[in-house]
1. With 10 angstrom as the radius, rank ASP360, ASP258, ASP389 by how many other C-beta atoms surround their C-beta, starting from the fewest.
2. Restricting the count to DSSP beta bridges whose residues both fall in the chain, what percent are antiparallel, rounded to a multiple of 5?
3. Which of VAL448, LEU34, THR174 sits closest to the plus end of the dipole of the chain, meaning its Cα is farthest towards the positive end, when Lys and Arg get +1 and Asp and Glu get -1 on the C-beta?
4. What's the local net charge at ALA392, with K and R +1, D and E -1, over the other residues with C-beta under 12 Å away?
5. Could you work out the helix-only [θ] at 222 nm for the chain, with each DSSP H run of four or more residues adding -39,500 (n - 2.57) and the total divided by the number of residues, to the nearest 500 deg cm²/dmol?
6. Is the C-alpha gyration tensor of the stretch 379-430 telling us rounded, prolate or oblate? Criteria: a/c under 1.5 is rounded; beyond that, a/b larger than b/c is prolate, otherwise oblate.
7. With no solvent and one equal point scatterer placed on each C-alpha of the stretch 422-507, evaluate the Debye formula and give log10 I(q)/I(0) for q = 0.13, 0.19, 0.21, 0.22 Å⁻¹, two decimals.
8. Convert 10 °C to kelvin, take the viscosity as 1.306 mPa s, use the Kirkwood radius over C-alpha pairs of the chain as Rh, and evaluate the Stokes-Einstein diffusion coefficient in µm²/s, rounded to a whole number.
Amino acid sequence: MIFELNHAQRRNLYQTPPERVYTITVSLDIPGGLPVRQVRNALAQLADVHEALRSRLIDPGGHPRHEVTAAARCEIAVCLIRRMDEIPDITVTDPVPVDPTEHAARATLYTRHGLVRHVMLTVSHLFADGMSQGVLHRDLSALLRGEPIVGADRRRQVSDYADDRLGDVTRRNTEYWQAVLADAPRACTFSGAVRGAEELLRVSRRTDRRIRGEVGEASRELGVSPFAVWAAALSALVGVYTGQHRQVFRSVSANRFDDADAAAVANLAQPVYILVDGEPGDTLRRRAERVLEASLAAHTHGVFDSVALLEWLNERERRRGAVFRPAFDLNFLVHDDGLLPPVGDDVQRCRVTPGRATADLAVQVQPGPTTHVRVTAGEPVWAGRGPGDIAADLFETLRAFGDDPDRVPDDLPISPLVTAARLITGHRSGVAIDPEAQLALLTSVAGVRAADWTTADGRDGLRVLARVAAEACPDELMRAYTERQPWVSGAVVPDGIVVYDAAKGTMR
């Protein structure tokens with residue numbers, strides 16, 4: 001069977017080669033050990049239930065489509081170990097690559113004394129996601145125990161989420177998002193920074209045994225969901241850090257609308273971009289209400305074409321001087337199946353692709369008896385506040401929602417980023433401008449010998465006017481700045497340019 005890629009798969013391939021699409025991993029211990037043949041049979045049965053594991057990408061360079069085959073598309077390797085501590089820790093090691101044109105997944109069976117003691121199943125994000133990670137963990141665990149998969153014959157499959165079935169809904173919801181985000185802030189500036197081809201990310205994983213109960217109490221007191229409490233706390237915290245309270249954040253827990261959706265591996269989570277119309281004087285209670293209202297509307301429009309939306313938002317006539325990038329990401333997991341407890345700090349390098357609308361601050365919340373929080377910070381964030389300190393500030397903010405929800409965020413015992421004092425707000429893009437970053441953008445284009453800039457009031461907000469020493473004409477410079485701006489945090493494409501040549505005494 002061959003299907004058109006759906007909206008979520010197109011998003012995962014957007015500006016990313018198929019072999020570099022990231023993966024999700026299910027990691028299971030088998031304490032007593034099982035024969036290799038029995039584990040292979042369990043993986044085959046798992047693929048029989050889930051078409052996602054019998055999938056591959058065809059014609060990626062032309063007309064990419066999704067093919068479902070009769071047999072599992074899973075490469076299986078056997079690795080002999082002497083000690084259990086030789087098994088990689090998936091929370092700190094690089095993910096196993098999967099080429100979706102060849103396989104949906106790769107499985108490694110770690111054997112000791114002739115028996116499989118651990119299984120690691122890695123699946124391309126074209127065919128599964130972090131939400132279905134728990135589904136695969138539960139189902140594979142049952143099969144390894146010799147038990148049947150509950151409801152196996154009722155699982156929704158690839159065809160249920162194919163584009164030809166959801167096309168009309170996708171188009172209507174995409175138009176909804178265009179209307180919502182047309183005048184939203186284009187980005188949130190933590191600090192000015194010039195990005196290279198790769199970016200260093202700092203990651204901190206923290207735990208808290210009390211926060212789940214405290215968030216639950218705040219949720220009941222405020223009449224909002226735990227997700228809304230976390231999102232409002234993060235929104236308030238970003239406002240304290242940067243002074244920017246009107247924000248767009250991205251949530252990746254959308255389009256699970258019923259139990260059948262939640263049990264389907266082929267249902268890829270679709271990010272939604274939630275506009276929070278926050279104000280500096282908001283109380284914590286009011287911020288939670290704003291987040292709840294925006295989130296309810298957003299998640300009911302979760303099936304949309306994010307590739308088409310981002311391309312529309314970044315068309316030149318709509319950019320208002322800056323590429324679209326949300327203020328933060330919030331990945332709120334509803335279960336912890338298949339995920340190892342996160343611990344400690346580390347650094348990662350990632351390829352920079354500004355057009356994918358990746359936030360500089362990302363938080364993953366894994367509720368449970370002990371709540372696990374993973375904070376990932378790009379350079380514009382960690383240059384001013386490390387991810388471990390951000391996690392501590394977030395816990396402090398969450399507790400304030402329960403202790404005193406009628407206080408304003410600026411009254412919290414949390415200091416703004418040092419860079420916040422120098423940011424210039426009010427630009428028509430909604431981007432707070434870092435003066436040093438703005439100058440760095442103006443002088444980063446080849447042929448520019450010197451530059452300065454100022455602001456002027458316009459009907460729709462401040463405008464940046466630049467004076468540049470160069471031989472190029474204003475239109476050429478404007479095109480160059482438009483291409484360069486996504487790589488500079490805290491800067492915008494000038495709204496007007498005057499070009500002068502001191503040697504010739506001319507001005508254009």
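1. Numbers: ASP360 26, ASP258 8, ASP389 15.
In order of increasing Cβ crowding within 10 Å: ASP258, ASP389, ASP360.
2. Working: 64 of 84 bridges.
Roughly 75 percent of the beta bridges in the chain run antiparallel, per DSSP.
3. Towards the positive end, the residue furthest out is LEU34.
4. Numbers: positive: ARG206, ARG385, ARG399; negative: ASP208, ASP389, ASP393, GLU396.
Taking every other residue near ALA392 into account, the sum is -1.
5. Working: 14 runs with 156 residues, N = 508.
When only DSSP H runs of four or more count, the value is -9500 deg cm²/dmol.
6. Numbers: a/c = 2.56, a/b = 1.40, b/c = 1.83.
Oblate is the answer for the stretch 379-430, as a/c is 1.5 or above yet b/c matches or exceeds a/b.
7. With one equal scatterer per Cα and no solvent, log10 I(q)/I(0) is -0.38, -0.79, -0.95, -1.03.
8. Numbers: Rh = 24.4 Å.
It diffuses with D of about 65 µm²/s by this estimate.
FYI, it's all coordinate maths here, none of it is from the lab. Every value quoted in this text rests on a predicted model; they were computed, and no experiment measured them. We place every Cβ from the backbone using ideal geometry, glycine too, and count neighbours over all the protein chains shown.
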